[in-house]
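Reviewing the structure listed below.
The values are calculated or read from the model by the stated rules, or taken from the named source; none is laboratory data. Note that this is a predicted model, so its numbers are computed, not measured. With ideal geometry, Cβ positions are generated from the backbone for all residues, glycine too; neighbour counts draw on all protein chains shown.
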Amino acid sequence: MVTIQSEEFGSESCFLDTSCSNHMIGHKNWVSNLDTSKKSMVRLVDDNTIEAAGIRDIKIKKDGRIVIFIESVLHVSSMKCNQLSVGQIVEKGFFFVCMKNDLLKVYDLK
């Protein structure tokens, strides 16, 4: 659960989520490919389900250059925000996560 000011949130925003099991995006322009053969249902915290249209690879850019390439992200077109799973980020071994004093920081290991 996240509390935000409405003017701070946009469709290009990503939330780091410590409780979601998969990366999920609704943002269409981040897609480098789509595998529609891997459709699935996503169960939400309120026990509702939504359909993932497939799995995509995404590119996250900063100042016009790709800084992160993330594979196998669920594309859920009905999502209004994008979620990155902290567990999956750490599992890949590219990032280090530090949670301390009500703050979560993600560091690139390079």
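Computed values, structure above
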item: Verdict on Val2 being exposed (fewer than 15 other Cβ atoms within 10 Å of the Cβ), among the aliphatic types (A, V, I, L, M) and modelled with pLDDT under 85; result: yes
item: Any pair with Cβ under 7 angstrom, 6 or more apart, that starts in segment 79-106 at a residue that is in contact (Cβ under 8 Å) with a residue 40 or more places away in the chain and ends at one that is outside any strand (DSSP E or B) and exposed (fewer than 11 other Cβ atoms within 10 Å of the Cβ); result: Val86/Thr18
item: Looking only at segment 76-88, and only at residues there that are among the aliphatic types (A, V, I, L, M) and assigned to a loop (DSSP other than H, G, I, E, B), the one that is farthest from Ala53 (Cα to Cα); result: Met79
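The rows are residues; the columns are (1) basic (Lys, Arg); (2) buried (at least 16 other Cβ atoms within 10 Å of the Cβ).
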site: Gly64; (1), (2): no, no
site: Ile70; (1), (2): no, yes
site: Ser78; (1), (2): no, no
site: Cys81; (1), (2): no, yes
site: Leu84; (1), (2): no, yes
site: Glu91; (1), (2): no, no
site: Phe96; (1), (2): no, no
site: Asn101; (1), (2): no, no
site: Lys110; (1), (2): yes, no
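So that you can scan it fast, the table gives a plain yes or no per residue for (1) assigned to a loop (DSSP other than H, G, I, E, B); (2) at pLDDT 85 or above; (3) of a type in the set (Lys, Arg):
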| position | (1), (2), (3) |
| --- | --- |
| Glu7 | no, no, no |
| Ser37 | no, yes, no |
| Asp46 | yes, yes, no |
| Ile58 | no, no, no |
| Lys61 | no, no, yes |
| Ile68 | no, no, no |
| Leu74 | no, yes, no |
